[in-house]
Structure formats: C-alpha cells, structure tokens
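The values are calculated or read from the model by the stated rules, or taken from the named source; none is laboratory data. Bear in mind the structure is a predicted one, so any value in this text is a computation, not a measurement. As a convention, Cβ positions derive from the backbone with ideal geometry for all residues, glycine included, and neighbour counts pool all protein chains shown. Just so you know, the surface numbers come from the protein's heavy atoms only, side chains and all, with ligands and any DNA or RNA stripped out. Shrake-Rupley method; radii C 1.70, N 1.55, O 1.52, S 1.80 Å.
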Amino acid sequence: MFDDPTAAALNNQPELVDAFATKILVVPSSARWREAISTAVIGSSWCAGLLSTGHLPATALGALKTEARTLHRQLVPLWRRSARHGRVLSLDADLGGLSLHDLVSAHTDLLTHTAGGVFEDQRLNSVLRCLNPAEQQVVFAFAAEEGTTWAEAAAAIGADNPEALGERIRRKARRLAAEHERRTGLRRMT
C-alpha cells in the first residue's frame with residue numbers, strides 16, 4: 001500500500017513513530033518498537049478494509065497493534081527473551097571469565113560410567129536393570145543419538161520391527177522411570 005518514500009519518512013522521523021506508539025497504540029517507545037511499528041504500518045494486512053470500503057474499520061488499530069507486537073517479539077534477540085523461570089543465554093555468554101559452555105560441557109555425557117560398568121545416574125541404573133540386553137542396546141543407541149526417535153534407534157541396532165520395538169521400549173522406560181521416582185518419593189517421606 002505504501003511506497004518507499006513513506007518508509008523513508010517513517011525512518012527519518014522517529015519522534016512521529018514514538019508519538020504514535022505511545023499515544024495511539026499505547027506501547028513503549030524504543031528503537032526496537034520503532035522498527036516494529038514502522039514495519040507494521042507499511043504492511044497492508046491491517047488496512048485491508050481501507051482498500052475495499054474506503055474507510056478504516058474499528059478493528060484496524062487493534063490489528064496494527066497485534067502486528068507490531070508480533071514484529072517486536074521477532075526482533076528481540078534469542079538471548080534477550082525470557083523463558084518460564086529465567087532468561088535464555090547463549091552458550092558463549094561471558095560469565096566472568098568462563099562461558100556457559102565451559103560450565104555445562106562437563107555434564108553433557110549422560111552415560112558416564114563409574115567402576116564396574118555402573119552409571120553415575122541412579123535413575124538410569126534402576127531403569128537399565130529392568131531391561132533385557134536388546135532393550136538396553138536400543139536405549140544406548142537412542143542416548144548416543146544414533147536415531148532421533150525410538151524407532152530409528154531400534155533400527156540402528158538391527159531390530160526386525162523397529163517401530164513396534166521402539167515404541168514398546170519408550171513406554172517401558174517411561175513407566176520404569178516413573179516407578180523409580182514414585183519409590184524415591186516414598187523413601188524420602190519415611
């Protein structure tokens with residue numbers, strides 16, 4: 001709908017965009033919001049009624065605000081976004097001389113052996129004790145990322161019916177892990 005001179009005018013007059021943002025759309029004014037609003041105004045989805053009927057419907061500003069919020073959310077860098085209980089950090093984020101990768105890389109091997117073939121994670125030991133050797137091989141293949149699904153992990157070890165075997169082991173491992181958690185919870189209570 002708008003041509004390049006309109007986009008240039010919006011970019012050259014940030015005070016107009018800021019005033020529109022704070023007074024009309026009731027959103028904060030910042031460089032990121034300015035870019036989101038400028039991009040949303042240039043788009044044609046919010047003013048489709050103007051093109052067909054000659055006037056803006058009452059919902060046009062709401063659609064423009066929604067479009068601006070979506071664009072603003074897309075403009076926020078991943079490391080600035082917040083997750084449920086905190087912020088997402090890049091693995092190379094500086095943590096006072098160390099990076100996050102330095103801190104977590106030592107803990108990435110989930111199948112770390114101790115002496116005698118026993119694993120450090122007791123939950124894993126309790127689940128593996130209840131599986132037969134073929135089922136254990138599928139679990140190890142899945143953990144070693146030889147397949148992205150349980151069926152692919154079962155196919156990686158050469159199973160005859162990998163879909164059925166993978167699904168059966170997935171359900172069995174989840175059931176055994178839940179049983180271990182239940183028993184651990186009961187032991188803590190007593």
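Some notes on this structure:
- Those residues of region 151-176 which are open to solvent by less than 40 Å² (accessible area, probe 1.4 Å) and outside any helix (DSSP H, G or I), in sequence order: A159
For every residue, the table says whether it meets (1) within 21 Å of A177 (Cα to Cα); (2) modelled with pLDDT of 70 or more; (3) surrounded by 16 or more Cβ atoms within 10 Å (Cβ to Cβ).
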site	(1), (2), (3)
H107	yes, no, no
T114	yes, no, no
E120	yes, no, no
R123	yes, yes, no
F142	yes, yes, yes
E145	yes, yes, no
T149	yes, yes, no
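- All conditions in (1) in a helix (DSSP H, G or I); (2) modelled with pLDDT under 75; (3) of a type outside the set (A, V, I, L, M) hold for E35, with the sole exception of (2).
- Residues that are in a helix (DSSP H, G or I) and surrounded by fewer than 12 Cβ atoms within 10 Å (Cβ to Cβ), drawn from region 42-78: L51, S52, T53, R73, Q74, L78
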